[in-house]
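The block underneath contains the structure these notes are about, expressed in structure tokens.
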Amino acid sequence: MLQIGWFSSGRDAAARALFKSIQEKIKSGYIKNSKVAFVFSNREPGEFKESDIFFELVKSYGVDLICFSHRKFKPEMRKQGLEETKVKGEESETLKNWRREYDREILKRIEKYSPNLIVLAGYMLIIGDELCKKYIMINLHPAPPGGPKGTWQEVIWSLIKNKAKKAGATIHLVTEKLDEGPPITYFTIPIINDPYRDLWQEIRKKGFEKVFQEEGENNLLFKKIRAEEEKREIPLLIETIKMIAEGKVKIENGEVFFKGRKTKGICLNKKIEKTLEKERFN
């Protein structure tokens with residue numbers, strides 16, 4: 001039985017959609033021999049409205065919910081660490097130590113569940129070294145392998161600014177280096193030709209900085225890229241967990257194996273597009 005731990009800040013509709021989709025696929029038997037044993041969130045009830053909605057969803061499935069606010073944990077130490085990091089331009093030792101101490105508290109809270117896979121799905125904190133060494137953890141990152149780091153918003157702006165030809169997302173193994181763990185699965189989508197061509201014209205006409213400042217996330221190219229990525233992220237995560245549950249994908253000593261062979265990432269473009277096509281006709 002694959003005992004899954006689910007880490008999420010539950011900050012938006014996408015976080016809810018990911019969790020609900022996995023639960024439904026487990027319930028239907030599409031993902032076999034698997035169970036979400038618990039959900040951990042770095043937010044507590046009452047801190048954010050969106051997170052509260054997510055918590056209610058988790059409870060509706062009868063899954064144990066563990067909430068532990070990072071904002072309330074040694075706030076002065078965290079504040080000092082963030083200030084030092086800003087001055088130094090790199091992560092300070094104070095912030096690293098705060099993260100280790102916070103993660104140790106997480107370890108105490110999840111130990112009894114003995115998860116053999118932890119999924120980060122919209123979890124907005126960086127995982128410290130001790131936690132990612134203790135468990136196999138995978139993360140959904142909103143860029144193809146080798147693509148930009150950061151939140152999905154930061155990634156899309158980077159793609160637009162650099163006139164990227166492809167967008168996508170990756171499920172990768174979580175390591176001490178942010179968003180640099182070995183890729184497990186991924187998808188890519190071309191964003192140069194139709195229906196993107198006219199949307200790029202507007203960027204060229206106005207200039208990136210003007211679009212960024214005046215339109216922000218309401219820009220049509222930004223919205224289009226996000227919409228196309230978002231609807232593929234769910235099947236990407238479903239297929240990845242399914243392959244892990246079936247033993248087709250194995251993670252050993254920080255390396256990823258597919259059907260017994262070491263892999264640099266499995267492209268799921270064809271599988272995902274077939275899934276979307278099937279959904280359109282249902």
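The values are calculated or read from the model by the stated rules, or taken from the named source; none is laboratory data. Note that this is a predicted model, so its numbers are computed, not measured. We place every Cβ from the backbone using ideal geometry, glycine too, and count neighbours over all the protein chains shown.
If you go through segment 8-28 one residue at a time, do you hit one that is outside any strand (DSSP E or B), more than 23 Å from the chain's Cα centre (by Cα) and either at positive phi or of a type outside the set (Gly, Ala, Ser) (or both)? No, segment 8-28 has no match at all. Looking across segment 160-215, just one residue is of a type in the set (Asp, Glu), at negative phi and touching a residue at least 40 places away in the same chain (Cβ under 8 Å), and that is GLU176.
Residue by residue, here is whether (1) closer than 17 Å to THR151 by Cα; (2) touching a strand residue (DSSP E or B) at 6+ places or on another chain (Cβ under 6 Å); (3) among the acidic types (Asp, Glu) holds:
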{"site": "GLU180", "(1), (2), (3)": "yes, no, yes"}
{"site": "ILE191", "(1), (2), (3)": "no, yes, no"}
{"site": "ARG204", "(1), (2), (3)": "no, no, no"}
{"site": "GLU209", "(1), (2), (3)": "no, no, yes"}
{"site": "LYS223", "(1), (2), (3)": "yes, no, no"}
{"site": "LYS250", "(1), (2), (3)": "no, yes, no"}
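Somewhere in segment 179-194, is a residue under 20 Å from LEU18 (Cβ atoms), polar (S, T, N, Q) and part of a strand (DSSP E or B)? Even if it seems obvious, please write down each step before you answer.
Taking segment 179-194 and keeping what is under 20 Å from LEU18 (Cβ atoms), we get 179, 181, 183-189.
Next cut, polar (S, T, N, Q) only: 185, 188.
Okay, now just the ones that are also part of a strand (DSSP E or B), so 185, 188.
Yes.
Within segment 236-250, being touching a residue at least 40 places away in the same chain (Cβ under 8 Å) and surrounded by fewer than 18 Cβ atoms within 10 Å (Cβ to Cβ) holds for one residue alone: GLU246. Residues in segment 251-262 that are touching a residue at least 40 places away in the same chain (Cβ under 8 Å) and not hydrophobic (A, V, I, L, M, F, W, C) were compared, and the one that is farthest from TYR186 (Cα to Cα) is GLY254. In the condition set (1) in contact (Cβ under 8 Å) with a residue 24 or more places away in the chain; (2) in contact with a helix residue (DSSP H, G or I) (Cβ under 7 Å, 6 or more places away or on another chain); (3) farther than 28 Å from ILE22 by Cα, LEU95 is compliant with all but (1). Just one of the numbered conditions (1) touching a strand residue (DSSP E or B) at 6+ places or on another chain (Cβ under 7 Å); (2) surrounded by 15 or more Cβ atoms within 10 Å (Cβ to Cβ) is not true of ARG16: (1).
In this entry, GLN201 passes the filter for residues that are polar (S, T, N, Q), under 23 Å from LYS166 (Cα atoms) and not assigned by TED's automatic domain parsing to the domain that holds LEU2.
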